[in-house]
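Q: Quick one: structure below, then a few questions.
The values are calculated or read from the model by the stated rules, or taken from the named source; none is laboratory data. These figures come from a predicted structure and were not determined experimentally. Note: ideal-geometry Cβ built from the backbone for every residue, glycine included; neighbour counts use all protein chains shown. Heavy atoms of the whole protein, side chains included, go into the accessibility calculation; ligands, DNA and RNA do not. Shrake-Rupley method; radii C 1.70, N 1.55, O 1.52, S 1.80 Å.
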Amino acid sequence: MAVARPGPAELGFVEAAPAWRLRSEQFPSKLYAPLPDRADTFHRGLFLFCCRVPPCCAGLRVFRNQLPRKNDFYSYEPPSEDPPQETAESVCLQLKSGAHLCRVCGCLGPKTCSRCHKAHYCSKEHQTLDWRLGHKQACTQSEYLDRTIPDHNFLFPEFEIVIETEDEITREVVEKENESEIIESMGEAPEEELDSMAKHESKEDKIFQKFKTKIALEPEQVLRYGRGIAPIWISGENIPQEKDIPDCPCGAKRIFEFQVMPQLLNYLKADRLGKSVDWGVLAVFTCAESCRLGIGYTEEFVWKQDITDTP
């Protein structure tokens, strides 16, 4: 997906869920967003991380990485479009370096089960969880341990996001459709009552109605991308001002690049443990110059806007 200048937003939709799940209690969202007029951004990725536990939500993190087409990590030629053949092999919990991974979250697992010495964990808490949810019965079954990775029903599911360009519909058509719906829903309301309601309509109402009107055309969208365009806010409160968005360490301003919509929460099933991450809009701002990074990562800026209850 590549956008060089402001234009119609590109929308992301959830397509399908693979059979395996993310090995993390955080949801990492990777957006591939090269800049077509730059040789050093042939591979350009944005990585958004958020923990499911509400106190961690203030610690949303987003990182950018970019590389030229010729580099030490990716093939110069694009990968085959043919899907790989399915194999019976399961995901391996041991890296080529020899390090083992936690059976619960996939992080480095220096701790082992004292009984079988084959199950690895990152912490005592995850070892206890795995023991309670199945390892107690499977501990001595070496074949089971080698081939099966447990699903503890609290890891975020993984989905692929497909991109489509937002259809352009004139403001007049949208407003006319909304006006018709309002009139039909209200029936024979007196003209004085309508005038009174219009006078008391708040800025908050207008912003929320604009948000609903915008997404009503494609209600399943979970992501909106448009480098340099304006985000759509769900509330009139907590909208960032220019001073609220820090400049990039290189000195350049940051500009809006994409936003994550609240519809994604339905797919993440974040409330499975009764601890639910929540947001109205997650807006990501990146370096306007997309400064050179070498082979490293740089942190960009994400703004979290919550849904405001309106009277």
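Q: Please verify whether the stretch 270-280 includes one or more residues that are modelled with pLDDT of 90 or more and either in contact with a helix residue (DSSP H, G or I) (Cβ under 6 Å, 6 or more places away or on another chain) or assigned by the TED database to the domain that holds residue 72 (or both).
A: From the stretch 270-280, those modelled with pLDDT of 90 or more are 280; that's our starting set.
Among the residues that remain, those that are also either in contact with a helix residue (DSSP H, G or I) (Cβ under 6 Å, 6 or more places away or on another chain) or assigned by the TED database to the domain that holds residue 72 (or both) are: 280.
Within the stretch 270-280 (the criterion being modelled with pLDDT of 90 or more and either in contact with a helix residue (DSSP H, G or I) (Cβ under 6 Å, 6 or more places away or on another chain) or assigned by the TED database to the domain that holds residue 72 (or both)), the answer is yes, since at least one residue qualifies.
Q: Restricted to the stretch 99-118, and to residues that are outside any strand (DSSP E or B) and closer than 24 Å to residue 158 by Cα, which residue is most open to solvent (accessible area, probe 1.4 Å)?
A: Pass one, the stretch 99-118, residues outside any strand (DSSP E or B): 99, 102-107, 109-110, 113-118.
Next, from what is left, pick out any that are closer than 24 Å to residue 158 by Cα: 102-107, 109.
Values: 102: 0, 103: 8, 104: 0, 105: 8, 106: 25, 107: 75, 109: 6 Å².
Ranking the candidates gives 107 first.
Q: Could you check, for the stretch 45-66, whether at least one of its residues is modelled with pLDDT of 80 or more, basic (Lys, Arg) and either open to solvent by 50 Å² or more (accessible area, probe 1.4 Å) or closer than 24 Å to residue 255 by Cβ (or both)?
A: For the stretch 45-66, residues modelled with pLDDT of 80 or more, basic (Lys, Arg) and either open to solvent by 50 Å² or more (accessible area, probe 1.4 Å) or closer than 24 Å to residue 255 by Cβ (or both): present.
Q: Tell me, yes or no, whether the stretch 201-220 has at least one residue that is over 21 Å from residue 29 (Cα atoms), open to solvent by 50 Å² or more (accessible area, probe 1.4 Å), modelled with pLDDT of 95 or more and among the acidic types (Asp, Glu).
A: No, the stretch 201-220 contains no residue that is over 21 Å from residue 29 (Cα atoms), open to solvent by 50 Å² or more (accessible area, probe 1.4 Å), modelled with pLDDT of 95 or more and among the acidic types (Asp, Glu).
Q: Can you tell me how many residues within the stretch 289-304 are of a type in the set (D, E, K, R), part of a loop (DSSP other than H, G, I, E, B) and in contact with a strand residue (DSSP E or B) (Cβ under 9 Å, 6 or more places away or on another chain)? Even if it seems obvious, please write down each step before you answer.
A: Quick first cut of the stretch 289-304, residues of a type in the set (D, E, K, R) only: 289, 292, 299-300, 304.
With part of a loop (DSSP other than H, G, I, E, B) added as a condition, the list becomes 289, 292, 300.
Those left that are additionally in contact with a strand residue (DSSP E or B) (Cβ under 9 Å, 6 or more places away or on another chain): 292, 300.
The total comes to 2.
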